[in-house]
Amino acid sequence: MGQNEDLEEKKLLGSGGYVLAKLTEQEELRASLGVPQIFLANIERSNEDRFSRYFCNKCDR
């Protein structure tokens, strides 16, 4: 990833909850399935410093 790419925080849905992560526009387009939600499984591995928060449906935190 180039340093000039802008990162924007987005909500990514997963099977057990969601995360808030900073994505580039390209990553966002790849993760989108044509619906308003973005799915975590559709993005490549990312550095954990790009994730700001998470919520687990199982443990409710």
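The values are calculated or read from the model by the stated rules, or taken from the named source; none is laboratory data. Owing to the predicted nature of the structure, the values given are computational and were not obtained by experimental measurement. Cβ placement follows ideal geometry from the backbone for every residue including glycine, while neighbour counts extend to all protein chains displayed.
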Identify, please: which residue in segment 17-37 is modelled with pLDDT of 90 or more and among the hydrophobic types (A, V, I, L, M, F, W, C) and is, among those, farthest from Glu5 (Cα to Cα)? Val19
Give the residue that is modelled with the lowest pLDDT, with candidates limited to residues of segment 43-59 that are over 12 Å from Lys10 (Cβ atoms) and either hydrophobic (A, V, I, L, M, F, W, C) or touching a Lys or Arg at 6+ places or on another chain (Cβ under 6 Å) (or both). Cys59
Those residues of segment 6-16 which are out of contact with any Lys or Arg (no Cβ under 8 Å at 6 or more places or on another chain) and either part of a loop (DSSP other than H, G, I, E, B) or modelled with pLDDT under 90 (or both), in sequence order: Asp6, Ser15
Being part of a helix (DSSP H, G or I) and touching a helix residue (DSSP H, G or I) at 6+ places or on another chain (Cβ under 6 Å) is the filter here, so list the residues in segment 31-61 that pass it. Ala31, Asn42
